[in-house]
Amino acid sequence: MMKAFVVEKFGERPELKDVPTPKPSVGEALVRVKACGIGLTLSWVRLGRMSGSAPRIIGHEIAGVVEQVGEGVTDLAPGDSVAVYFYLTCGKCKYCLTDRETICTNFGGNVGTRIDGGFAEFVKLPAANLFKFSPDKVSYGKASIISDAIATPLHIAKRRAAIHPLDRVMVIGAGGGVGIHMVQMAKLFGAEVFAADVSDEKLALAKKYGASHLINVKKEKAEEAVKRLTSKAGVDIVIDFVSSPSSISSGFKSLAPHGKLVLLGHFHPEDPLHIDDPQDVIRKEISILGSRYATKQEFREAIEMVERGLIEPVVTSVYKFKDTDQALRDVEEGKVAGRAVVEST
Ligand SMILES: [Zn+2]
């Protein structure tokens, strides 16, 4: 048996329970969880707004040590330190075969929604989702958040927004768990970064990690701040981790001609995608882009970026395993700037 935080029914809080320790089948490995990151996505998972089923052990930003491998697993061995790619992809469809598996035709859902995740002593996962890292270079706590908080910005910077040096990039939600790494990633790709968020504390963090301009959207509308800061030119790219009707509207109005608006975060199905002046899409040749997670290759690259010190994982709050639900509550209440991590002792 093992300890795990289980969401019995979507909408309920995760509860600490004793559950059977899973056994790895063919092509799988059992991982002893050392750390599991917590972002707002988990709140959506808990409420059942992502695909999947309950009862479920949630948690998808996982780092740990391979404990046991199932039949047919040859590239991993007990003792290996691994981080987890959390999309369950087929590896065979035309998108998987062309390094675009975020849009896998046979998408199987996420670790922690469709299969059990990391708020447990052990997790059983497909070996194809486990990527080795060097614990001498990166702690388990920091390695855990590469999975989402760092790989996701790399996919945006490289693939979707295609950030170039000299681009002006505004990150909406810049002080959050993914946003703070987007700030770093945009800077690494050569951009001048405009950080927008709702608190001075989150903006101070964004400044520390490379933002040149800070916009507190509680005090000034983002589009007005951008006009003031760019002599009315606008920004070339807006990356919107909030994707609410008002943030999308602000982001769109902040764009320079030929600008790109990248949407992700948790677009609510009931929210209309409203553009105040749709003619501007044509007049200014605006691109509106969606982005989701990262490819396995990008995940591999994100690990290397952290190992080489190009990107610093911003773990601001560390909780003990027993305090997992409190950690999730703090994130849900917006109390955490940067990323929170639960570490096993
Ligand atoms: Zn596929």
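Of the residues Thr324, Thr295, the single one that is surrounded by 22 or more Cβ atoms within 10 Å (Cβ to Cβ) and in contact with an Asp or Glu (Cβ under 8 Å, 6 or more places away or on another chain) is Thr295. Scanning segment 291-333 for residues that are small (Gly, Ala, Ser) and free of Cβ contacts under 8 Å to residues at least 60 places away in the same chain turns up Gly309, Ser317.
I'd like to know if segment 45-52 contains one or more residues that are within 22 Å of the chain's Cα centre (by Cα) and among the polar types (S, T, N, Q).
Here is the first cut: in segment 45-52, the residues within 22 Å of the chain's Cα centre (by Cα) are 45-52.
Next, from what is left, pick out any that are among the polar types (S, T, N, Q): 51.
There is at least one residue in segment 45-52 that is within 22 Å of the chain's Cα centre (by Cα) and among the polar types (S, T, N, Q).
Mind checking whether some residue in segment 143-157 is farther than 20 Å from Thr41 by Cβ and either surrounded by fewer than 21 Cβ atoms within 10 Å (Cβ to Cβ) or in contact with a strand residue (DSSP E or B) (Cβ under 7 Å, 6 or more places away or on another chain) (or both)? Give the steps one after another, and end with the answer.
Start the filter on segment 143-157 by keeping residues that are farther than 20 Å from Thr41 by Cβ, which leaves none.
The answer is no; no qualifying residue exists.
Screening Ala340 on (1) in a loop (DSSP other than H, G, I, E, B); (2) touching a Gly at 6+ places or on another chain (Cβ under 9 Å); (3) under 30 Å from Val6 (Cα atoms) shows it passes everything except condition (1). Checked against the criteria, Ala196 counts as in a strand (DSSP E or B), over 18 Å from Leu289 (Cα atoms) and not assigned by TED's automatic domain parsing to the domain that holds Lys142.
Specify which of the listed residues (Phe107, Phe131, Phe86, Phe119) is more than 30 Å from Glu333 (Cβ to Cβ), assigned by TED's automatic domain parsing to the domain that holds Phe10 and touching a helix residue (DSSP H, G or I) at 6+ places or on another chain (Cβ under 7 Å).
Only one candidate passes the filter, namely Phe131.
Those helices (runs of 4 or more DSSP H) of segment 209-292 in which at least 3 residues are modelled with pLDDT of 95 or more, crowded, with 21+ Cβ neighbours inside 10 Å and among the aliphatic types (A, V, I, L, M), considering only elements entirely within it, cover 222-229. Considering the conditions (1) over 16 Å from the mean Cα position of the chain (by Cα); (2) among the hydroxyl-bearing types (Ser, Thr, Tyr); (3) at pLDDT below 95, Tyr319 is excluded by exactly one of them, (3).
Find the strands (runs of 3 or more DSSP E) located wholly in segment 1-58 whose residues include 3 or more that are buried (at least 21 other Cβ atoms within 10 Å of the Cβ), and list them.
Here the list reads 2-7, 28-38.
Against the definition (at pLDDT below 95 and closer than 30 Å to Thr98 by Cα), how does Phe299 come out, yes or no? Considered against the rule, which asks whether it is at pLDDT below 95 and closer than 30 Å to Thr98 by Cα, Phe299 comes out as no.
The values are calculated or read from the model by the stated rules, or taken from the named source; none is laboratory data. On a predicted model such as this, the values are computed, not experimentally measured, just so you know. Reconstructed Cβ throughout: ideal geometry from the backbone, glycine too, with neighbour counts over all protein chains shown.
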